[in-house]
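Have a look at the structure below before the remarks.
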Amino acid sequence: MPLALLALAVSAFGIGTTEFVMMGLLPNVADDLGTSVPTAGYLVSAYAIGVVIGAPLLTALGSRIPRKRMLVLLMALFTVGNLASALAPNFALLAAGRALAGLPHGAFFGVGAVVAARLVDQGRQARAVATMFLGLTVANIVGVPFGTLLGQQLGWRATFLVVTAIGLVAVAALARLVPHMPLDPTAGLVRELSALRHPQVLLGLLTAVFGFAGVFAVYSYLASMMTEVTGFAESSVTVVLALFGLGMTLGALVAGPLTDRALRPTLYGSLGALAVVLLVFDATVHIKWAALVTVVVLGAVGFITTTPLQMLVMNKAQHAPTLASASNHSAFNLANAGGAWLGGAAIAAGWGWTSPTLVGAALAAAGLAIAVTAGLLERSAARTAASAGGSRVVARSCDPVRVERVG
């Protein structure tokens, strides 16, 4: 494994920690800043908004910056955002710090995925991308529980100071280990934007929005389901979230080889499995041991979808993949916000704490339908191209135009 992938994974670990740790720190932040927990929940949204805005904006602004330098600059901005969060004297400035930390998130993973794929030989690109994402999943096993515990014991500011330190380590690792990659002389904003007009790229982004929303419809309310329905104590929630992170890590480990072998079947299979697991969760959530097993499986099948979706948009925008790759993370965060909103709407409508599982299953099924439609359109286009490529038009001075089959 190239050491540069380790630098990317360390960076992903820091990003994953700061993205998800806020969910466990909301009561501490609310108490310290004199606000309510629901209001403090806007800090989660502030980060997501930063990702959605920053992914296309920063990628476009950096389209002429060499990729190694771009990665270092993005991680430096992430580090500044977390330091600003740790030092924020009030809620408004904390929200601004969270948004600032979120700005480089999508652009970093977009550029990082392109870099990771180019560090390895043909046929191993998906495994390289999955290795980078492994840092994101490990953050949910180690970084988030540790950050939550640290925040509960020493105050939430200590958590963001530690993430700031991780950011500094990541900046140094990227500067030291990532090789220089010459910039394509034809690269630029116009070329990157042209890739987003590709129908398969747009369908891939839409698949991510719907399919991954199924995960967040449940994950956003997983703690409440475990305490209100399954019967776990609040002190056990950290363990449940760590099990979900374990599932994500297992999913990341198998997603790379599967995607390298068969991209679309991996995408279809993971989305179909996600819909089924969410339906099953509606029943197993009432049984403690079964609920824990399902949480692990849910994390695994949910995260398997990320690698084929990432590789899909990169492949279809192969001549200008960076902006499309970054936009994929905007799609994931739209899925985060949309899934959480729809799951919460189901609960608010009086459908019960388990209703997000059914909402999630419907969203995953919709994502699968979009992915299958995209696959059928691609196959149809390939057949049309093959047919056109196998024919030639012969014009004769006195004869009408006729088509002759070649070969």
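The values are calculated or read from the model by the stated rules, or taken from the named source; none is laboratory data. For clarity, every value in this text was computed on a predicted model and none was experimentally measured. Neighbour counts run over all protein chains shown; Cβ positions are idealised from the backbone, glycine included. The area values use the complete protein model at the heavy-atom level, side chains included, leaving out ligands, DNA and RNA. Shrake-Rupley method; radii C 1.70, N 1.55, O 1.52, S 1.80 Å.
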Convert 20 °C to kelvin, take the viscosity as 1.002 mPa s, use the Kirkwood radius over C-alpha pairs of region 86-233 as Rh, and evaluate the Stokes-Einstein diffusion coefficient in µm²/s, rounded to a whole number. 112 µm²/s
Defining a contact as two alpha carbons under 8 Å apart and six or more residues distant in sequence, what relative contact order in percent does the chain show? 23 percent
With all protein chains present, how much of the accessible area of the chain (probe radius 1.4 Å) comes from carbon and sulfur, to the nearest whole percent? 68 percent
To the nearest 10 degrees, how steeply does helix 237-261 sit against the main Cα axis of the chain, on a 0 to 90 scale? 10 degrees
Whole percent per 10 Å bin, from 0 to the bin with the longest distance: what is P(r) over all C-alpha pairs of region 1-160? 12, 39, 32, 14, 3, 0
Obtain the nm distance between the two label points defined at residue 378 and residue 351 by a simple spin-label model: each point lies 7 Å from its Cα along the Cα-to-C-beta direction. 3.1 nm
Under a 1.4 Å probe, what is the accessible area of region 25-141 per residue, stated in Å²? 37 Å²
Degrees between helix 67-87 axis and first principal axis of the chain (Cα, 0 to 90, nearest 10): 20 degrees
Determine the calculated [θ] at 222 nm for the chain from helices alone, applying -39500 (n - 2.57) to every DSSP H run no shorter than 4 residues and normalising by the residue count; nearest 500 deg cm²/dmol. -27000 deg cm²/dmol
Need the full-extension length gain, residue 233 to residue 122, defined as separation in residues times 0.36 nm minus the C-alpha distance. One decimal, nm. 35.1 nm
In degrees between 0 and 90, to the nearest 10, how far off the longest principal axis of the chain does helix 144-154 point, with axes built from Cα atoms? 30 degrees
Rounded to the nearest Å, the spacing of the alpha-carbon centers of region 51-125 and region 312-364 is 20 Å
Just the Cα atoms of the chain, one point each, no solvent: what log10 I(q)/I(0) does Debye give at q = 0.11, 0.12, 0.13 Å⁻¹? -0.77, -0.91, -1.07
If you count only protein heavy atoms with a 1.4 Å probe, what accessible area per residue comes out for region 211-360, rounded to a whole Å²? 35 Å²
